[in-house]
Amino acid sequence: MSNIISDSVIKRMPRYYRFLNELKKQGVTRISSRELSEIMGLNASQIRQDLNCFGGFGQQGYGYNIDVLRVEIAKILGIDRLKNTILIGMGNLGKAITLHINFESKGFKLIGLFDSKESLVGQVVKNLPIRSTSTIDEFCRENLPEAAILCIPKAASEDICEQLVKLGVKGFWNFSHYDIALKYPDVKVENMHFGDSLMTLSYRLDNM
């Protein structure tokens, strides 16, 4: 699907899903593209074009059934199927991500936590024990994770990535600043650069 649908459309899908969840909580059962555009700050024709990439889902004169559209977008995003996931690097960032992100609502099941520091090994975070990175091979062969979250320094990432790709990990949520896709173009990577985001905000503030 990603070979046909543009990345910009795909990146808007989670935002639609988030807004539809809020509307459902408010008791709204249907909405027009115009009403949705006003809430989201998008163009109504843009919304229709985006959703038409996947089949449309709306009815002229009726709009969109919010429950139906939520289910369809969940299928599009693949969050109706949980993907086994491990997290490597249980420092402050890794712990915060483990504690505060509802992975299962996003299509992932966190099954393993790892760190190289022996002082952290054995601690339990969100009902998961922190394991030594020396046990990654055995754990992955037994549990077959599809995805990994990297909260480790860039210098440590190259060897870990090579190890995980060989073990069958297909996707990375990458906080390490190591460019995984350069060496492994077949894996799926979402890079998270807090510094880049902050610099983008700086630009926008200076160009208001």
Which numbered condition in (1) farther than 18 Å from ILE10 by Cβ; (2) touching a residue at least 40 places away in the same chain (Cβ under 8 Å) is the only one that ILE39 fails? (2)
Does segment 6-15 include one or more residues that are in a loop (DSSP other than H, G, I, E, B) and farther than 22 Å from GLN59 by Cα? yes
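Which residue out of LEU110, LEU120, LEU144 is among the hydrophobic types (A, V, I, L, M, F, W, C) and either surrounded by 21 or more Cβ atoms within 10 Å (Cβ to Cβ) or in the same structural domain as PHE57 (by TED's automatic domain parsing) (or both)?
Only one candidate passes the filter, namely LEU110.
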Please determine, by comparing only the residues of segment 16-31 that are part of a loop (DSSP other than H, G, I, E, B) and either among the charged types (D, E, K, R) or in contact with a helix residue (DSSP H, G or I) (Cβ under 8 Å, 6 or more places away or on another chain) (or both), which one is farthest from LYS75 (Cα to Cα). VAL28
Checking ALA74 against (1) out of contact with any Gly (no Cβ under 9 Å at 6 or more places or on another chain); (2) surrounded by 17 or more Cβ atoms within 10 Å (Cβ to Cβ); (3) within 27 Å of ASP7 (Cβ to Cβ), which test does it fail? (1)
State which residue is farthest from ARG15 (Cα to Cα) when the search covers only segment 77-102 and only residues that are surrounded by fewer than 19 Cβ atoms within 10 Å (Cβ to Cβ) and β-branched (Val, Ile, Thr). ILE101
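Can you pull out every residue in segment 162-208 that is of a type outside the set (D, E, K, R), assigned to a loop (DSSP other than H, G, I, E, B) and surrounded by 11 or more Cβ atoms within 10 Å (Cβ to Cβ)?
Across segment 162-208, the qualifying residues are LEU167, GLY168, VAL169, PHE175, SER176, HIS177, TYR178, TYR184, VAL187, MET192, HIS193.
The values are calculated or read from the model by the stated rules, or taken from the named source; none is laboratory data. Keep in mind the model is a prediction, meaning the values are calculated, not measured. Every residue, glycine among them, receives a Cβ derived from its backbone with ideal geometry; neighbour counts consider all protein chains shown.
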